Amino acid sequence: MEAAVFSAELARSATMRTVMLRYAHALFNQVAQSAACNHFHSLQQRCCRWMLMTHDRMQSDEFLLTQEFLAMMLGVQRTGVSKAAAALQGAGLIRYRRGVVTILDRRGLRQRSCECYGVSKREFDRLLGDPPVHPAQAREVRPRQGRAVRD
């Protein structure tokens, strides 16, 4: 879409403007949370956070995520991501082959992640609404005080 068309649509539609502003707000919050996370949490916790965030936006337990890309996003060397992914695979949480991640145990991955995942997810969901639940996330639903909750 050309920028002029996008700008015209934003000017025409208050709903689109609101959604785009909420998305920008969610993105800025995520960037700020990631900066703090990179400073305070272990590489393995941050890998778990990224895999969970990616999984949240996919319609499958399997998705493309190269070690090179993950290393760039986390600001580390690829060898560090390789070691973290091997540990997660050894724990039975993921399967990782040639840039393809398969989430095997989302709950276990969530337990190894830092609190930044939950903070970012709650804020994203608050601003943009809960995304559709795919089967892997539905397995996490558990009763709590007579009601179902996710993450």
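Annotations for the structure displayed:
- Most simply put, the chain has about 100% antiparallel DSSP beta bridges, counting only bridges with both residues inside it.
- Likely footprinting exposure, VAL100, VAL81, fewest C-beta neighbours within 10 Å first: VAL100, VAL81
- Label of the coordinate-derived value, Rg and Dmax of the Cα atoms in Å, listed as (i) 18.2, 56; (ii) 15.6, 58; (iii) 17.2, 53: (iii)
- By the equivalent-ellipsoid construction on the alpha carbon gyration tensor, segment 1-82 comes out with semi-axes of 32, 15, 12 Å, ordered largest to smallest.
- Student exercise, the chain dipole from Lys, Arg, Asp, Glu Cβ charges, in Debye to nearest 20: 460 debye
- Of the trypsin sites (Lys or Arg not before Pro) in segment 1-57, those whose Cβ has at most 16 other Cβ within 10 Å and which sit in DSSP loop: ARG57
- Per-residue HN-Hα couplings for segment 56-61 [Karplus 6.51, -1.76, 1.60; θ = phi - 60°; Hz; x = Gly/Pro]: 4, 9, 9, 9, 8, 6
All of the numbers you see were taken from the coordinates with simple rules; none came from a lab. Here the structure is a predicted model, which means the values were calculated and not measured. In this analysis, Cβ positions are derived from the backbone assuming ideal geometry, glycine residues included, and neighbour counts consider all displayed protein chains.
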